[in-house]
Amino acid sequence: MKRQRRTRPAAGQKAWECILAGDALLAQGREAEAIAEYRRAVEADGASSEAHRRLAVALYKHGDLELARGSAQASADLSPEAVDPWFTLGLILRDARDLPGALEAFDRVLALQPNHVDALHHRGRALYESGQPEAAAASFARAAELSPESADLAHDLAIAYVAGGHWRAAEEAFARCIELEPDNPENYYELGHAHEYDVTTPDEAAEAAYRRAVELDPEHLPAQFRLAVLRTRRRVADPEAGEEAGRALLQLAVREDLPALFPDAHLVHYLLGAILDDDDQRAEEATQAYERCLSLRPRFAPAHNNLGVLARRRGALDEAAGHFTHAVLADPTYDPALQNLCRVLYDQPDDLAVEQLREIVDLVPHAAPDVITRLVGHIIDAAKSEAYASSYDKVHEIKNLIGVLGARMRKVLLSEDCAHVPEGPELMEMQGRAFDAIRGYLSAFETTAGEWELLDCGEALLKAVRQMAVTKPAGVQVEYAVEPGLPPLMGDRRRLMQLFRNLTVNAFEALPNGGMLRVAAEAIRLEQTAPSSSIRRGVRVVFEDTGPGMSAEEMRRAFDPGYTTKATGSGYGLVVVSQVVREHAGTVGLARAEMGGTRVVVELPERPQPESATGRLRLRPVIFVDWQRLIQAEVDAISPSDGSTTHGGEGSLTG
């Protein structure tokens, strides 16, 4: 008997011929013609899952996402146990921004084929785009294990780690990217970002990465800008770095094509203005730089604010008020402008001040409650500052008189005629207490220029506590838990040592009968900060004791000048603590300790904005007067994510 040859059914054969014709056309980039062939295939055999899938791919490449979605869904419905239809559907849904649907499709692929690298990769991208960086990192990591030579996977894994705040893991992933693509400048640029975010990594590492990016691509403008930012930050400690930054920024600023190539070009002019602002003789150049910044970004509040500060410096108060007002209108939450505006308005007649405030509130009705609340607080501060200033000199004079009186009393009481006066020791003790109380009052509010430097906070903390350990009562144990490798802080060493000594003494005074004091310090990392916190990089210092603790009322009043719960306390120890913390733009808080006593938490930013002063006093900031450090914190506010959009940048997945 003659054996019959197997053939495709006529419909299937016709469909397959159309599919092959469509494939050839699609390979030539003739998408519209390919779509027509695939449609003929679907018409010839409507049950062909592959015909629907190929049509979906062609429609997807042609940009018809809705039609592509329908064809891909039809393919998946016809072959629910096949991998390719679900994967194609997932790609289309992700591009159509149906992320839940895309994730469901990729999960179907992985249920059928757990080691499908592309599905793991695109699932990770969909999770990242859904705001789930931790889950995205897990998916990328699994894919990278299966495909260790994929630079795209290593890059996307690094970006997910950055988004999740895992800086060290991100640095390792970017280092892997560099191993795979050693000549790609973007890898070095993004490694520099990770180094900047990682508070345990010195800025020198970020600088080295950015320099390498520029060496590989001299036109890598974001890397050039980040180098300038890092050098500007350390210009106080290293003037030569500031000069280098100024030259680099000037080269960028004069480029006519800068706005077209660098979306954050306004920051170049702003940072240049910040450097020029350090020199009173270059105030006009700084003004021009800020104005160029505003020509590119008219509602950039920091530039308006700094123009106001420059105007106030030369005595143009009306002009200054105008600039501060523009800053508030641009960003009603920008506190430096509110502070400075308040100080200017405080010195004007009431009717003019009220009229200007009314205009501001009318122009920002959506933010009016917050603006009013902030302004009222700053106006109260200005009034307090003026009141303290008016009495400061008089109190200082009284302190000197008490000191002179004490010296004379001591001389008289030590003479032969008064050697046996029974009240002598009591009088001297009273004089000493009066002198110490007034000195404590003055030290809480007197401002000193100080010497700001990059310092090791952990070293200063340990030194201060150990200095005071000689005063601890018998039976008191001190336990240290200082994290190694804390990021260096910019600060006034003498004042920070004073802060730590005061907290140590307070703890010892709470332990007259013995107990435990635990002193800890750790780096502040982004993922550990509350959304409302302004501190993203720095050091957290904690003092915990096993004393009796404080009541809620005592905690509420603890930082009030003169308030004390101790018979011999001055009431100014914690005031000084609060003041030093404020000078360094940090925060301090009290709570009940797990050990049973009091827990004091101090958070200090890595590079603080030196707080402003009015006269000799430091309350909350009112107006900048330290022109040397006028813009330092605003420079620091240019975070590593700024200026990153030209070359992909932080947060940008491949593909």
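The values are calculated or read from the model by the stated rules, or taken from the named source; none is laboratory data. Since we're looking at a predicted model, the values are computed, not measured. Methodologically, a virtual Cβ is constructed for each residue, glycine included, from the backbone with ideal geometry; neighbour enumeration extends over all protein chains shown.
Filter the range 509-527 for residues that are in a helix (DSSP H, G or I) and more than 20 Å from Leu574 (Cα to Cα); which is modelled with the highest pLDDT? Spell out the reasoning first.
Our first condition is that a residue be in a helix (DSSP H, G or I); within the range 509-527, this holds for 509, 526-527.
Then drop every residue that is not more than 20 Å from Leu574 (Cα to Cα), which leaves 526-527.
Numbers: Leu526: 56, Glu527: 47.
Within the range 509-527, the match that is modelled with the highest pLDDT is Leu526.
Which number in (1) over 15 Å from Arg53 (Cβ atoms); (2) polar (S, T, N, Q); (3) surrounded by 24 or more Cβ atoms within 10 Å (Cβ to Cβ) marks the one condition that Thr88 misses?
For Thr88, the failing item is (1).
Scan the range 221-262 for residues that are part of a loop (DSSP other than H, G, I, E, B), touching a residue at least 40 places away in the same chain (Cβ under 8 Å) and more than 25 Å from Gly491 (Cα to Cα) and jot them down.
Correct list: Phe262 only.
So which of Ser75, Ser79 is buried (at least 24 other Cβ atoms within 10 Å of the Cβ), small (Gly, Ala, Ser) and modelled with pLDDT under 95?
After applying the criteria, what remains is Ser75.
Select, from Gly192, Gly165, the only residue that is of a type in the set (Gly, Ala, Ser) and buried (at least 20 other Cβ atoms within 10 Å of the Cβ).
Gly192
Quick one: which of Ala265, Ala253 is within 23 Å of the chain's Cα centre (by Cα) and of a type in the set (Gly, Ala, Ser)?
Every option except Ala265 fails the conditions.
Restricting to the range 330-341, name every residue that is at pLDDT 85 or above and part of a helix (DSSP H, G or I).
Passing the criteria: only Ala330.
If Tyr346 meets every condition in (1) of a type in the set (Ser, Thr, Tyr); (2) at pLDDT below 80; (3) under 21 Å from Leu272 (Cβ atoms) apart from one, which number is that one?
Evaluating Tyr346 over (1) of a type in the set (Ser, Thr, Tyr); (2) at pLDDT below 80; (3) under 21 Å from Leu272 (Cβ atoms) leaves (3) as the failure.
If Ala36 passes every condition in (1) surrounded by fewer than 22 Cβ atoms within 10 Å (Cβ to Cβ); (2) modelled with pLDDT of 90 or more; (3) small (Gly, Ala, Ser); (4) closer than 15 Å to Leu91 by Cβ but one, which one does it miss?
(4)
So Gly308 ticks every box in (1) at negative phi; (2) at pLDDT below 90 but one. Which box is left unticked?
Every listed condition holds for Gly308 apart from (2).
With the range 93-182 as the region, which helices (runs of 4 or more DSSP H) entirely inside it contain at least 1 residues that are touching a residue at least 40 places away in the same chain (Cβ under 8 Å)?
117-129, 151-163, 167-180
Could you list, in sequence order, the residues of the range 212-258 that are β-branched (Val, Ile, Thr) and either surrounded by 23 or more Cβ atoms within 10 Å (Cβ to Cβ) or touching a Ser or Thr at 6+ places or on another chain (Cβ under 9 Å) (or both)?
Within the range 212-258, Val229, Thr232 meet the criteria.
Here is a list: Ala151, Ala158. Which entry is closer than 30 Å to Arg234 by Cβ and either acidic (Asp, Glu) or at pLDDT below 95 (or both)?
None of the other options fit; the residue is Ala158.
Since Gly46 meets every condition but one in (1) in contact (Cβ under 8 Å) with a residue 12 or more places away in the chain; (2) over 50 Å from the mean Cα position of the chain (by Cα); (3) not in a helix (DSSP H, G or I), which condition does it not meet?
With respect to (1) in contact (Cβ under 8 Å) with a residue 12 or more places away in the chain; (2) over 50 Å from the mean Cα position of the chain (by Cα); (3) not in a helix (DSSP H, G or I), Gly46 is out only on (1).
Could you list, in sequence order, the residues of the range 267-293 that are assigned to a helix (DSSP H, G or I), crowded, with 21+ Cβ neighbours inside 10 Å and of a type outside the set (Val, Ile, Thr)?
Of everything in the range 267-293, those that are assigned to a helix (DSSP H, G or I), crowded, with 21+ Cβ neighbours inside 10 Å and of a type outside the set (Val, Ile, Thr) turn out to be Leu267, His269, Tyr270, Leu271, Leu272, Gly273, Ala274, Leu276, Ala286, Ala289, Tyr290, Cys293.
Go through the range 188-220 and count every residue that is of a type outside the set (Ser, Thr, Tyr), part of a helix (DSSP H, G or I), touching a residue at least 40 places away in the same chain (Cβ under 8 Å) and in contact with a Pro (Cβ under 7 Å, 6 or more places away or on another chain).
2
If you check every pair at least six apart or on different chains, which have Cβ atoms under 7 Å apart with a residue in the range 276-298 that is over 13 Å from Arg314 (Cβ atoms) first and a residue that is at pLDDT 90 or above and not in a helix (DSSP H, G or I) second?
Cβ pairs passing all conditions: Cys293/Phe300; Leu294/Phe300.
Out of all the residues in the range 464-486, which are buried (at least 21 other Cβ atoms within 10 Å of the Cβ) and under 28 Å from the mean Cα position of the chain (by Cα)?
Across the range 464-486, the qualifying residue is only Leu486.
For the structure I just gave you, tell me whether Ala327 is outside any loop (DSSP other than H, G, I, E, B), modelled with pLDDT of 80 or more and within 13 Å of Ala301 (Cβ to Cβ).
Here the answer is yes, as Ala327 does meet what is asked.
Just checking, how many residues over the range 140-163 are over 14 Å from His122 (Cβ atoms) and among the hydroxyl-bearing types (Ser, Thr, Tyr)?
Selection size over the range 140-163: 1.
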